[in-house]
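Shown next, in structure tokens, is the structure this report addresses.
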Amino acid sequence: MFKPEDVWNDVQRIRKEAPLVHNITNYVVMNTTANALLAIGASPVMAHAAEEVEDMVRLAKALVINIGTLSAPWIAAMLKAASAARQRGLPIVLDPVGAGATRYRTETACQILKETPPAIVRGNASEIRALFYTESETKGVDSRHAADAAVEAAHGLSKKYACVVSVSGAVDLIFSGDRLVRVANGHPMMPRVTGLGCTASALTGAFAAVNPSPYEAAAHAMAVMGIAGEMAAEQSPGPASFQMHFLDALYRLSEEDIRSRLRIEPA
Amino acid sequence: MFKPEDVWNDVQRIRKEAPLVHNITNYVVMNTTANALLAIGASPVMAHAAEEVEDMVRLAKALVINIGTLSAPWIAAMLKAASAARQRGLPIVLDPVGAGATRYRTETACQILKETPPAIVRGNASEIRALFYTESETKGVDSRHAADAAVEAAHGLSKKYACVVSVSGAVDLIFSGDRLVRVANGHPMMPRVTGLGCTASALTGAFAAVNPSPYEAAAHAMAVMGIAGEMAAEQSPGPASFQMHFLDALYRLSEEDIRSRLRIEPA
Amino acid sequence: MFKPEDVWNDVQRIRKEAPLVHNITNYVVMNTTANALLAIGASPVMAHAAEEVEDMVRLAKALVINIGTLSAPWIAAMLKAASAARQRGLPIVLDPVGAGATRYRTETACQILKETPPAIVRGNASEIRALFYTESETKGVDSRHAADAAVEAAHGLSKKYACVVSVSGAVDLIFSGDRLVRVANGHPMMPRVTGLGCTASALTGAFAAVNPSPYEAAAHAMAVMGIAGEMAAEQSPGPASFQMHFLDALYRLSEEDIRSRLRIEPA
């Protein structure tokens, strides 16, 4: 569990099986998350019409719901898709983008949590705190807290909804009930690229599509994010070249890259 | 016909006239297709409100309809714009993204085909098969078939709707009734970049804006796509650098590039 | 005023304070404008639901409204957000993308001008002319005019609505009533990248968030756009590599870059 060979095994399965990952996500990141899914070897699809989400869920191996640019018809489609995904036993990943910034986002994320509990919630520390304490303290969509400030909230949320909670930060935290694992891979440039958190959620969906343990899938996805980030940073003078090299690194990622860089620390 | 000088002639006209190409397309690719149109020399505009599509069609030289992220108000606008375009004799390009994956997409594409037949349908083999056989066999938005698996469907569709059918694949097929031409340019990295099929449709619109023959326009556009793809692949370690070099190649494309690389094969 | 140290002072404040810039903008540019705001040091958020725009305005330091891909629910949210922003004394930047191309765009921009006058209007010459003369003469979203063709319109618009008017072109014009300043920085590649005008508006929002003078903020933002554009052009063979280097340049911009390149010319 959490060994380099386990991470690599998931990457190989994604590349071989090209699982369809159905995303209902925000306008800002649709292009970059689709490209990240293609780069790692998965097959992305974006579909948000209530008229078709159930049909699309039927073809998919994972559903990723991201509330980054909400509106009423999208919320209805998210709930419909999530309900269909649960009926089919499909893993759902919820990214509560901006929870805490507005009541609309906090309430929508909480509604999804209650009505169609996801396998994995992946957010930054401010968002995870907002979901657990249901207080408004987020500033926009960037985190005001280090991941460790969300230890109690992530732990509590994981137990309350029986889901994995994955908190991104300089060191990522992944809780599954009382179990905790930390992923120390990554680079300070990553928060300077819009939507890399959303990309982490999309990749978490791809890993959950091939690994039956959401706990492992969440940790492996964050490790691959961080490793590709480290590889990208080595050749990038700024955030836009970083974004490009990051996607190229996902595409080129080798077993040796994982073996030499992986820093997963079971707590 | 289909000679390097014919392709180059179209490119020069696009660069000189900068035709306005009106796109009603999906959220995932709006940025990259707008950039591809600018790179080749056309002038892109995105407008999807029923309140303004007829006004925009009035200024445009081609209309590109792409159903990649459908919803009801967008379908209404597509039909309204297509109807206005037909009244004005404007070439319409239809990209049936994900036809076959959901009934909603298949039915919408078929409705557009019937009510406002486009000059050119451009899709992958799975989509073209879905439109002709109206069966659901697509997996998401990626093709499960090589272009040649769509020979019968493309041929039939072209005759049924009296339109050009352009099927992308390792070798592209372009049918105009009983006429067939194959374009062998391209690179295996292309399906690893999200929305390059959508870019092909947008460029097809630009070529149709300057070339009165939809058959030639469709083939020339696919040739330019493939040539720029080959040029990009030579300097790209992964799909994100490929996307960047691809757009740069469209911008820099010379007569010599076309002359030395063009691989159009009349059947 | 308009000295290199004034421009640099604003950049430093943005980097230090990371002001939240609330964007209600078009689908084409959401990703690139969010990345530009992050690159310069601001904190971007996109939110367009009527249910949450007032909450988001409460957290923001500037509001940027861009009408590039309009529809009715978005217009309602724009007016609601702008009204809340005015009540809170927040600077509003309006980008009237495509005004003049369709009545819908011209009328929407004029409605926002009248009901919730922005601090700054930033557009190309064709758009500014359309707002002042309320005539339809724009072709799509690209300018048909050099900035100087909008001198009278920009001057008139600035006086009529008591707002700063910033007109982009080879030489940018910024009017504040009877005061005029010209910014000569920039590069011919810039109009070949989709949405760089929208990026200029977003950065104008970031500068307005830290500089209480909309006149200075508008000019400083255009100077930084132009300087980053010059830096990017020096290493870019085409528009896609230009876009990447442009964002990297915003991130790396130094006092020396501004000092050596700034070309602001008070009229």
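Of all residues in region B:241-260, which are of a type in the set (Gly, Ala, Ser) and either at the interface with chain C (Cβ under 10 Å from one of its Cβ atoms) or in contact (Cβ under 8 Å) with a residue 24 or more places away in the chain (or both)? Reasoning before the result, please.
In the first step, residues of region B:241-260 are kept if they are of a type in the set (Gly, Ala, Ser); the result is B:241, B:249, B:254, B:260.
Once the filter is applied, which keeps residues that are of a type in the set (Gly, Ala, Ser) and either at the interface with chain C (Cβ under 10 Å from one of its Cβ atoms) or in contact (Cβ under 8 Å) with a residue 24 or more places away in the chain (or both), region B:241-260 yields B:241, B:249.
Checking the structure you have, find out if any residue of region B:223-234 is closer than 18 Å to residue B:99 by Cβ, among the β-branched types (Val, Ile, Thr) and in contact with a helix residue (DSSP H, G or I) (Cβ under 9 Å, 6 or more places away or on another chain). Steps first, answer last, please.
Taking region B:223-234 first, the residues closer than 18 Å to residue B:99 by Cβ are none.
No - not one qualifying residue is present in region B:223-234.
Could you please find all residues in region B:77-104 being over 17 Å from the mean Cα position of the chain (by Cα) and closer than 19 Å to residue B:142 by Cα?
Answer for region B:77-104, where residues must be over 17 Å from the mean Cα position of the chain (by Cα) and closer than 19 Å to residue B:142 by Cα: B:100, B:101, B:102, B:103, B:104.
For (1) in a loop (DSSP other than H, G, I, E, B); (2) closer than 20 Å to residue A:227 by Cα, each residue gets a yes or a no:
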position	(1), (2)
A:132	no, no
A:148	no, no
A:154	no, no
A:166	no, yes
A:170	yes, yes
A:173	no, yes
A:185	yes, yes
A:200	no, yes
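Going through region B:1-51 one residue at a time, which ones are more than 19 Å from residue A:30 (Cβ to Cβ) and among the β-branched types (Val, Ile, Thr)?
Result: B:7, B:11, B:14, B:21, B:40, B:45.
Return the total of residues in region C:176-209 being buried (at least 24 other Cβ atoms within 10 Å of the Cβ) and more than 15 Å from the chain's Cα centre (by Cα).
Of the residues in region C:176-209, 1 are buried (at least 24 other Cβ atoms within 10 Å of the Cβ) and more than 15 Å from the chain's Cα centre (by Cα).
Just wondering, is there one or more residues in region C:73-94 that are more than 14 Å from chain B (Cβ to nearest Cβ), closer than 18 Å to residue A:28 by Cα and out of contact with any helix residue (DSSP H, G or I) (no Cβ under 6 Å at 6 or more places or on another chain)?
no
Identify the single condition in (1) surrounded by fewer than 18 Cβ atoms within 10 Å (Cβ to Cβ); (2) in contact (Cβ under 8 Å) with a residue 24 or more places away in the chain; (3) within 14 Å of chain C (Cβ to nearest Cβ) that residue A:126 does not satisfy, given that it satisfies every other one.
Result: residue A:126 fails condition (1) only.
What is the residue count in region B:95-123 for residues that are more than 14 Å from chain A (Cβ to nearest Cβ) and not basic (Lys, Arg)?
Step one: filter region B:95-123 for residues more than 14 Å from chain A (Cβ to nearest Cβ), giving B:95, B:110, B:112-123.
Still in the running and not basic (Lys, Arg): B:95, B:110, B:112-113, B:115-121, B:123.
Total satisfying the criteria: 12.
Scan (1) more than 16 Å from the chain's Cα centre (by Cα); (2) facing chain C (nearest Cβ under 9 Å); (3) crowded, with 18+ Cβ neighbours inside 10 Å for the single condition residue B:8 breaks and write down its number.
The one condition residue B:8 does not meet is (2).
Residues are listed down the side, and each one gets a yes or a no for (1) of a type in the set (A, V, I, L, M, F, W, C); (2) free of Cβ contacts under 8 Å to residues at least 40 places away in the same chain; (3) more than 24 Å from residue A:100 (Cα to Cα):
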| residue | (1), (2), (3) |
| --- | --- |
| C:8 | yes, no, yes |
| C:24 | yes, no, no |
| C:45 | yes, yes, no |
| C:68 | no, no, yes |
| C:78 | yes, no, no |
| C:99 | yes, yes, yes |
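Just checking, does region A:190-201 include any residue being farther than 17 Å from residue A:7 by Cβ and away from chain C (no Cβ under 14 Å)?
yes
Which ones in region C:98-111 are assigned to a helix (DSSP H, G or I) and buried (at least 21 other Cβ atoms within 10 Å of the Cβ)?
Within region C:98-111, C:104, C:105, C:106, C:108, C:109 meet the criteria.
What are the residues in region C:186-213 that are of a type in the set (S, T, N, Q) and touching an Asp or Glu at 6+ places or on another chain (Cβ under 6 Å), if any?
Passing the criteria: C:201, C:211.
Kindly evaluate residue A:114 against the criterion of being at pLDDT 95 or above and of a type in the set (Lys, Arg).
yes
Only one of these is in a helix (DSSP H, G or I) and within 10 Å of another protein chain (Cβ to nearest Cβ): C:217, C:232. Name it.
The unique qualifying residue is C:232.
For region C:56-79, check the following and say yes or no: at least one residue is of a type in the set (Phe, Trp, Tyr) and in contact with a His (Cβ under 8 Å, 6 or more places away or on another chain).
Yes: one or more hits.
Name the residues in region B:19-52 that are more than 8 Å from chain C (Cβ to nearest Cβ) and over 17 Å from the mean Cα position of the chain (by Cα), would you?
Answer for region B:19-52, where residues must be more than 8 Å from chain C (Cβ to nearest Cβ) and over 17 Å from the mean Cα position of the chain (by Cα): just B:50.
The values are calculated or read from the model by the stated rules, or taken from the named source; none is laboratory data. The structure displayed is predicted, hence computed values, not measured ones. Neighbour counts run over all protein chains shown; Cβ positions are idealised from the backbone, glycine included.
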